[in-house]
Amino acid sequence: MSVEDNKALIRRLYELWNQRQLVAYYQLYAQDFVLHGTARDMSLGQMKQFEAQMDAAFPDAKCIIDNMVAEGDKIAFQANVRMTHTGPFMGIAATGKKFEIINTHIVRVAANMVAEWWGTTEFARVMQELGVVPSAQPKK
């Protein structure tokens, strides 16, 4: 696959996620897919479970891709995620808060499928927005 094909795969992935076409979305992942998270690695099945929890808590989440670059079989990009907390998340009752975070990712593509994913998520920001931890930003 070309670099442009790899970039198109990532754009398609997010298009399917934003439309919640999850069957087609998960078909773009290799069966031996690994998500290299900051806390631990996850298999495709583990990622599906985590994403189901996120979707239940933030069902309107939409991702917009920014700053995509690619070389060889890897694509790096930022994803701006806008969401509203309308369901329980990690024991936190729905707050109704709307907010956005910016995540940074690197994805490896193999055989026209997402094979590996490395990323950083503004998880601390999510916890700040939900009122679990104080914000580092001074109040205005």
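The values are calculated or read from the model by the stated rules, or taken from the named source; none is laboratory data. The model shown is predicted, which means the values in this text are computed figures rather than measured ones. Because the Cβ atoms are built from the backbone with ideal geometry, glycine has one as well, and the counts that use them run over all protein chains shown.
For residues in the stretch 103-140 being at pLDDT 95 or above and of a type in the set (D, E, K, R), which is nearest to the chain's Cα centre (by Cα)?
E116
Suppose we filter L35, L13 for residues that are outside any strand (DSSP E or B), closer than 25 Å to F123 by Cα and not small (G, A, S); which single one remains?
That would be L13, the only listed residue that is outside any strand (DSSP E or B), closer than 25 Å to F123 by Cα and not small (G, A, S).
When you check G72 against the structure, is it on the phi > 0 side of the Ramachandran plot, modelled with pLDDT under 95 and more than 14 Å from the chain's Cα centre (by Cα), yes or no?
No, not satisfied.
Give just the number: which of (1) within 25 Å of D5 (Cα to Cα); (2) buried (at least 17 other Cβ atoms within 10 Å of the Cβ) does A57 not satisfy?
(1) is the only condition that A57 fails.
Give me a count of the residues in the stretch 67-103 that are closer than 20 Å to D5 by Cβ and part of a strand (DSSP E or B).
Looking only at that region, the number is 10.
How do the pairs read when you match residues in the stretch 79-92 that are on the phi > 0 side of the Ramachandran plot with residues anywhere that are surrounded by 15 or more Cβ atoms within 10 Å (Cβ to Cβ) and small (G, A, S), using Cβ under 9 Å and keeping only pairs 6 or more apart or on different chains?
These pairs meet every condition: M90/A57.
For the stretch 84-102, how many residues are at pLDDT below 95, closer than 16 Å to K62 by Cα and crowded, with 16+ Cβ neighbours inside 10 Å?
2
When you check A56 against the structure, is it in contact with a Cys (Cβ under 7 Å, 6 or more places away or on another chain) and either closer than 20 Å to L16 by Cβ or not in a loop (DSSP other than H, G, I, E, B) (or both), yes or no?
For A56, the condition - in contact with a Cys (Cβ under 7 Å, 6 or more places away or on another chain) and either closer than 20 Å to L16 by Cβ or not in a loop (DSSP other than H, G, I, E, B) (or both) - is not met.
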